Amino acid sequence: MLFTKEIICVLLGGWLVASTYYRVTRKGFGRGWRDWFILLTIVGMLLAFRLMGIRNLVTPTERAYGVPFVIAGGLLTDGKWADGGVGLYMPLPFLANLAFGIAVCLLPLAVLSIFRKDQK
């Protein structure tokens, strides 16, 4: 189920980025729209990396890194934390978190571009 959620997040995030890029690069939108697209994409990447750095203490001896999808985990053994990746499909949670961060930041621009398109 988690795998399905990650795939859906990657696909929806990619669709939002592609459709917004297509809308703001067409005629009728000024250069400012493209500049905002680039700026919000960069801010989205920074947000995604910040979300991946969040550490949750699951139990007193286990911790997890990453929100909304866990990208790494740690285990307390003999008073020392041993951190590492959590699965064989490690790049997918990373991409899902990246898609989530970018999509959250681009969502306002996507909505505004839809309304701007209709006001010709």
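Nothing in this text is a laboratory measurement; each read-out follows from the coordinates by a stated rule. Computed from a predicted structure; not experimentally measured. So basically every Cβ, Gly included, is an ideal-geometry build from the backbone, and we count neighbours across all protein chains shown.
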Output the residue which, of all residues in the range 1-28 that are within 17 Å of VAL104 (Cα to Cα) and polar (S, T, N, Q), is surrounded by the most Cβ atoms within 10 Å (Cβ to Cβ). THR20
What about LEU51, is it closer than 16 Å to LEU112 by Cα, buried (at least 18 other Cβ atoms within 10 Å of the Cβ), in contact (Cβ under 8 Å) with a residue 24 or more places away in the chain and of a type outside the set (D, E, K, R)? no
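Go through ARG31, ARG63 for me and flag whichever is among the basic types (Lys, Arg) and exposed (fewer than 13 other Cβ atoms within 10 Å of the Cβ).
Being among the basic types (Lys, Arg) and exposed (fewer than 13 other Cβ atoms within 10 Å of the Cβ) holds for just one of ARG31, ARG63, which is ARG31.
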Identify, please: which residue in the range 1-58 is among the small types (Gly, Ala, Ser) and within 26 Å of GLY73 (Cα to Cα) and is, among those, farthest from the chain's Cα centre (by Cα)? GLY53
Tally of residues being under 15 Å from LEU2 (Cα atoms), out of contact with any helix residue (DSSP H, G or I) (no Cβ under 9 Å at 6 or more places or on another chain) and in a loop (DSSP other than H, G, I, E, B) across the range 64-115: 2
